Amino acid sequence: MISFSFQRFFAYLKKETKQIIRDPSTMLIAFVLPLLMIFIFGYGVSLDANKIRIGLVMEEMDEEARSLASAFLSTSYFDVQTGNNTHLFEKEMTRGRLRAFITIPQNFSSLLIEGTPSPIQILLDGSEPNTAKFTLNYATGVVNTWMAQRAIEKKSSSPLLINPEPRVWFNSALKSRDVLLPGSIATIMSLIGTLLTALVVAREWERGTMETIMATPLRIREMLLAKLVPYFCLGLGSMTLCVTISILLFDVPFRGSFFVLFLATSIFLLASLGQGLLISSTTRNQFVSSQIAIMLGFLPAFVLSGFIYEITSMPWPIRALTYLFPPRYFVPILQSTFLSGTLWELILPNLFAMFLIALFFFLVTTYKTSKRLDS
């Protein structure tokens, strides 16, 4: 078995770097792109916020509290999980499993009987601003409807006095920018990774230079690695620029670790670059490669990653499809790192999933790319 040669690797790496500087690739937009977008927006995306997962903390179990809890349980807008442990619900919302939780306090019923406004706390997850706004409006509507109904049942001339007191975690001002800018990094990394590398091997076949490369002692692993490194560095540089602009110019908060951010970006880039190289090695045609890369790289990062649209609101076949694409794991890491900090319970599973996808792409690419004209 011929060992890996760093001399051959660096020589080819120098050639690839000069080629990128001299002849930057231009992505072609295929005719199938509008059709694919119509399909995804028509069948894969739903902006209806229904069955939002929330928690309901019952600090007392009197009649009025149970009646209000029943109102939340019976609405079609919420998927309600009840309990009496506030800390447990805080952990669930931090992990992204709940979008809000509502606390009915211990003195809820007694304050109502006395005619004193009874506060209930609505704690919202601001990492999804639109969902948080929907949740707040729906929860307030449930409370108002319940107050009016109880006033009718008790034959009172005025509704019961309850003051909802909402608080928002992670994104207190509910600024979409604070969520969109971190999420857009996944789209940019997909553009740099998948779309650019989708052309590198196909270009060699179209220009006839692949035959020359086959006549050299250069090995497949050396060639693929040399093609990967320049785009990997380009992707990290693009990520650094995006993060710097987001923090300094747009005042997006950064509460996590830069090390975690660079680690997650590196693994995601490996997955995207591997996907692009596999597309390029398989098709051997730049036009076809660019179209497949748009379908499998850019569009999933934009639509099927949770970047803009809530994954839980999609039909279950589309939700299952999102697990096949690296951006689905990268976007939660970005949003967590920027808005809520370093949450290893969220980060580690997503890192592992991206690593497995990257490993799969590189193993298949190495197998499919061979120094044979008939392969």
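Every residue, every condition in (1) part of a helix (DSSP H, G or I); (2) over 17 Å from PHE355 (Cα atoms), yes or no:
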| site | (1), (2) |
| --- | --- |
| PHE262 | yes, no |
| SER266 | yes, no |
| LEU269 | yes, no |
| VAL288 | yes, yes |
| PHE302 | yes, yes |
| LEU324 | no, no |
| PHE330 | yes, no |
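With the requirement that a residue be of a type outside the set (Phe, Trp, Tyr) and surrounded by 15 or more Cβ atoms within 10 Å (Cβ to Cβ), what does the range 89-106 give you?
Residues satisfying the conditions are GLU90, GLU92, MET93, THR94, GLY96, LEU98, ARG99, ALA100, ILE102, THR103, ILE104, PRO105.
Does any residue in the range 117-135 that is in the same structural domain as LEU98 (by TED's automatic domain parsing) come within less than 6 Å, Cβ to Cβ, of a residue that is among the charged types (D, E, K, R) six or more places away or on a different chain, and which pairs are these?
PRO119/GLU165; GLN121/GLU165; LEU123/ARG167; ASP125/ARG99; THR131/ARG99; THR131/GLU310; THR135/ARG99
Mind listing whichever residues of the range 168-188 are part of a strand (DSSP E or B) and at pLDDT 75 or above?
TRP169 - this is the single residue of the range 168-188 that is part of a strand (DSSP E or B) and at pLDDT 75 or above.
Given the condition in a helix (DSSP H, G or I), among the charged types (D, E, K, R), under 30 Å from PHE259 (Cβ atoms) and modelled with pLDDT under 80, answer yes or no: does some residue in the range 211-222 qualify?
yes
State whether one or more residues within the range 285-303 are among the polar types (S, T, N, Q), out of contact with any Leu (no Cβ under 8 Å at 6 or more places or on another chain) and closer than 19 Å to GLY193 by Cβ.
no
Conditions first: (1) on the phi > 0 side of the Ramachandran plot; (2) free of Cβ contacts under 8 Å to residues at least 12 places away in the same chain. GLY341 passes all but one, so which condition is the exception?
(2)
The values are calculated or read from the model by the stated rules, or taken from the named source; none is laboratory data. These numbers were taken from a predicted model, which means no experiment stands behind them. We place every Cβ from the backbone using ideal geometry, glycine too, and count neighbours over all the protein chains shown.
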